[in-house]
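In what follows, a single structure is set out as structure tokens and then discussed.
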Amino acid sequence: MKNILKNFLIFFLILAIVSTILGFFSSRNDSTEEVSIAKVVQQVKDEQVKSITVNGNELLVTLDDDTQEKSKKELNQSLTDLLQNYEVPAEKIAAVDIVIGEDSDSNMFLTTILPFLIPGLFIIGLIWFMMRQVQGVNNRAMTFGQSGAKLADDKRKKVSFKDVAGAYEAKEDLTEIVEFLKHPQKFIAMGARIPKGVLLLGAPGTGKTLLARAVSGEAKVPFFHISGSEFVEMFVGVGASRVRDLFKKAKKASPCIIFVDEIDAVGRQRGAGLGGSHDEREQTLNQILVEMDGFDNQTNVIVLAATNRPDVLDPALLRPGRFDRQVVIDMPDIKDRLAILKIHAQKKPLEKDVDLQIVAQRTPGFSGADLANLLNEAAILAARENKKTIDNKTVLDSIERVLLGRERKSHILSDKEKKITAYHEAGHALVAHLLPNADPVHKVSIISRGRAAGYTINLPKEDKKMQGYSDFIDNMAVLLGGYAAEKTFFGEITTGASNDLQKVTNIARRMATQYGMNEKLGPRTFGKKEEMVFLGKEIHEQKDYSEKTAETIDEQMSIYVKNALDTATKTIADNKDKMEKIVAELIEKETIEKATFEKLLA
Ligand code: ADP
Ligand code: MG
Ligand code: ZN
């Protein structure tokens, strides 16, 4: 609407300018005197006139003394007729040189046709502009159906398998895909059916997108990148047509890769019917399946898709002939973390004393993206402190920064708060140190970080893929160590323990309801999770057990928590001297590192 108005104004302005110019031209010879027709007739009778030029209804009279004057006659009457009507003798008329002006036609045009033409033009112009507007809207509406898939441009540095650290199995599996893209004939000759779809499964940040790019880089084929959520945009009904458009483009560029990132956005189980965009997703998903089924052996297009939620995917996606290859990308273990850190350290000026091995040790549970972020944080920190290089302390600091948030040195605790925090953290650390299955202490601190007043970092000895009953029990005791210490030494509890309590409750619930670790409840799970389809959030847990069982679950959870608290309290009560040692050191130094801590308790 705004645009129409704007164009309208522009048109109007042009019109105004044109008419001003026209007006200027039509009144150009104002310098000559304007006289009445009667005077001209008289002058002719008096034989003073040399010539008369006729321009439409305008007369330009040149007298014998070469002065000029202007006059007007009626439009449709010839000058000769006019003079005869005024009874000018024929020989006197003949004596006057009558010239019919060349532009009498255009003058006629100006005076007679233009008045009609201008409004006409104006209306035509208006219609034209409006049509253009409407068409513009139409054009935009048409592009909604287009895929918007981005073809990775060649200028960007090609990613290869060398840029992806770790993930050996995944790379091995994908090497095969690279082969398919490079030498399809080899496989077709064997009568083999080249897989059409490969699903990359892995936690967020494990490098799925990176690997997909690497495949296209290795095979040197075009790479169409689209995110599942882009299929499901504002307008209903475009998802399917986008899919069609994307596959059409890809087939033209074959051999190539289509990469559908976050496919769970469209590939969730159909018929799970929650949420408005549900039909739309279903159609989009169907279209993807139809397109993939439509590939013949000559179309060398491989669809890579990534998700971190394989559990919610529609089984139809996974059947043979569709995404039948599944490549799992694991969280990196210590060896892989070191390799990832090395890749990302390449372009950063690290000092010689930075030991990436230690960084890798201290970052269990970090994904590739977390590690890249860690080194980036270190670089930012170093730059902010105007350093030329990144030193060891900065790198180690950024681990905690990524884990727990920034250190808040300005957040000063009162002496009493400091004392309580010291006992609380010492409680965690002591229990962690003494219980056989708890993760060992790496660092204890009473400097606030993020929202915590103090913190204790305890890391598993090695990367664990599985946890057993005793691990949970001991770690629950560690979590309650702070609570137990506050209660033992001060007789009351502060709000500082609330986060610990949440974690403990969570572990207790999972032990009872998910892992089948409770004797009384037996080896089954309790509660079925339903998800909000379009937000991917759990909205409620469907209760698939009776009220009576619910009571038992509560009861068993309480027993777990109580046992853990008893263990923590007993450990602290039996080792009050050690507690005092840790507290004294904490209040003096604020932070204790692993080595010092172990020496202190030896
Ligand atoms: P995902 O798609 O699995 O969520 P990405 O592929 O987007 O994760 O990874 C994010 C970033 O993390 C990458 O751009 C890269 O810098 C880094 N990264 C992740 N995994 C690795 C890896 N194995 N090797 C090197 N860098 C990695
Ligand atoms: Mg990704
Ligand atoms: Zn705590």
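The values are calculated or read from the model by the stated rules, or taken from the named source; none is laboratory data. For clarity, every value in this text was computed on a predicted model and none was experimentally measured. Using ideal geometry, Cβ is built from the backbone for each residue, glycine included, and neighbour counts are taken over all protein chains shown. To get the accessible areas, we keep the full protein, side chains included, count just its heavy atoms, and leave off ligands, DNA and RNA. Shrake-Rupley method; radii C 1.70, N 1.55, O 1.52, S 1.80 Å.
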On the given criteria, is PHE187 part of a helix (DSSP H, G or I), free of Cβ contacts under 8 Å to residues at least 12 places away in the same chain and either touching a helix residue (DSSP H, G or I) at 6+ places or on another chain (Cβ under 9 Å) or within 16 Å of ligand 2 (Cβ to nearest atom) (or both)? yes
Does ALA426 qualify as being buried (at least 17 other Cβ atoms within 10 Å of the Cβ) and either outside any helix (DSSP H, G or I) or in contact (Cβ under 8 Å) with a residue 60 or more places away in the chain (or both)? yes
Answer yes if at least one residue in region 488-498 is touching a Leu at 6+ places or on another chain (Cβ under 7 Å) and modelled with pLDDT of 90 or more, and no otherwise. no
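In this structure, is GLY207 more than 26 Å from ILE340 (Cα to Cα) and buried (at least 22 other Cβ atoms within 10 Å of the Cβ)?
When the stated conditions are applied, GLY207 does not pass them.
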When only residues in region 90-139 that are small (Gly, Ala, Ser), modelled with pLDDT of 80 or more and open to solvent by less than 70 Å² (accessible area, probe 1.4 Å) count, which is farthest from VAL40 (Cα to Cα)? GLY125
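Going by the structure shown, is VAL354 farther than 30 Å from ALA192 by Cβ, touching a strand residue (DSSP E or B) at 6+ places or on another chain (Cβ under 8 Å) and either not basic (Lys, Arg) or not assigned by TED's automatic domain parsing to the domain that holds LYS208 (or both)?
Working: farther than 30 Å from ALA192 by Cβ: yes; touching a strand residue (DSSP E or B) at 6+ places or on another chain (Cβ under 8 Å): yes; either not basic (Lys, Arg) or not assigned by TED's automatic domain parsing to the domain that holds LYS208 (or both): yes.
Yes.
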Out of (1) among the polar types (S, T, N, Q); (2) more than 16 Å from ligand 1 (Cβ to nearest atom); (3) at pLDDT 90 or above, the one SER254 does not meet is (3)
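Somewhere in region 382-393, is a residue assigned to a helix (DSSP H, G or I), closer than 30 Å to GLU580 by Cα, in contact with a helix residue (DSSP H, G or I) (Cβ under 6 Å, 6 or more places away or on another chain) and not hydrophobic (A, V, I, L, M, F, W, C)? Walk me through how you get there before you give the answer.
Here is the first cut: in region 382-393, the ones assigned to a helix (DSSP H, G or I) are 382-384, 392-393.
From what's left, closer than 30 Å to GLU580 by Cα: 393.
Filter once more, so that each one left must be in contact with a helix residue (DSSP H, G or I) (Cβ under 6 Å, 6 or more places away or on another chain): none.
No, region 382-393 contains no residue that is assigned to a helix (DSSP H, G or I), closer than 30 Å to GLU580 by Cα, in contact with a helix residue (DSSP H, G or I) (Cβ under 6 Å, 6 or more places away or on another chain) and not hydrophobic (A, V, I, L, M, F, W, C).
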Please work out if ALA265 is at pLDDT below 85, more than 16 Å from ligand 3 (Cβ to nearest atom) and either surrounded by fewer than 17 Cβ atoms within 10 Å (Cβ to Cβ) or in a helix (DSSP H, G or I) (or both). yes
Select from region 429-463 the residues that are free of Cβ contacts under 8 Å to residues at least 60 places away in the same chain and surrounded by fewer than 17 Cβ atoms within 10 Å (Cβ to Cβ) and write down the one among them that is nearest to ligand 2 (Cβ to nearest atom). GLY450
Just the residues that are over 30 Å from the mean Cα position of the chain (by Cα) and either farther than 30 Å from ILE334 by Cβ or within 16 Å of ligand 2 (Cβ to nearest atom) (or both), please, taken from region 158-184. GLU179, PHE180, LYS182, HIS183, PRO184
